[in-house]
1. Per 0.36 nm of contour for each residue apart, how much would the distance between E35 and R60 grow if the chain were fully extended, relative to their Cα-Cα spacing?
2. How much mean residue ellipticity at 222 nm does the chain get from its helices, if each DSSP H run of length 4 or more adds -39500 (n - 2.57) and you divide by all residues, to the nearest 500 deg cm²/dmol?
3. Under 18 Å Cα-Cα from K43, which aspartates and glutamates qualify once same-chain neighbours fewer than 8 residues away are excluded?
4. List the aspartates and glutamates whose alpha-carbon lies under 12 Å from that of K4, not counting same-chain residues fewer than 8 positions away?
5. Need the list of lysines near K77 for cross-linking: C-alpha distance under 21 angstrom, and skip anything on the same chain fewer than eight residues off.
6. Report, to the nearest whole %, how much of the accessible area of the chain belongs to carbon and sulfur atoms, 1.4 Å probe, protein only.
7. Got a sec to turn the phi values of the stretch 61-67 into Karplus ³J(HN,Hα) couplings, 6.51 cos²θ - 1.76 cosθ + 1.60 with θ = phi - 60°, whole Hz, x for Gly and Pro?
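The values are calculated or read from the model by the stated rules, or taken from the named source; none is laboratory data. Source: prediction; values computed, not measured. Side chains included, ligands, DNA and RNA excluded: accessible areas come from the protein's heavy atoms. Shrake-Rupley method; radii C 1.70, N 1.55, O 1.52, S 1.80 Å.
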Amino acid sequence: AAPKSEYEALCDKYAGMEPEAVLEALEELKRGKAEAGAVAAAKLVHVDNKHELETQERERQMGKERRLARAKAQAGKLEADRAQKRGEASDLIRKMVEEDEKREA
């Protein structure tokens, strides 16, 4: 026997059914496709939301890293300033001690 065409397969499937039953089966099929489409759309929205959240997290992390780098740079500058001031204070004290020693001598 030759394979049946799609049309013949549908005729066999719905043979003997009332027209209303055939229409109801068609509506169920359409609803199923619509629901499947809605599920697929929801999955796409979920994936988009997930990507958006991942992007926001990466941006947050990069901002955090930039702030940390700025803080480290500021801390380094402050430490260099302190070291310079300690050196200047040490030089001033040494100079004052030397002047005192010259006066006492």
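1. Gain in length upon complete extension: 5.3 nm.
2. On the way: 2 runs with 95 residues, N = 105.
Roughly -34000 deg cm²/dmol at 222 nm, from the helical runs in the chain.
3. Cα-Cα hits under 18 Å: E35, E52, E54.
4. D12
5. Counting by Cα, and skipping residues close in sequence, K77 has these lysines nearby: K64, K85.
6. Ligands and nucleic acids excluded, carbon and sulfur give 59 percent.
7. 5, 5, x, 4, 5, 5, 4
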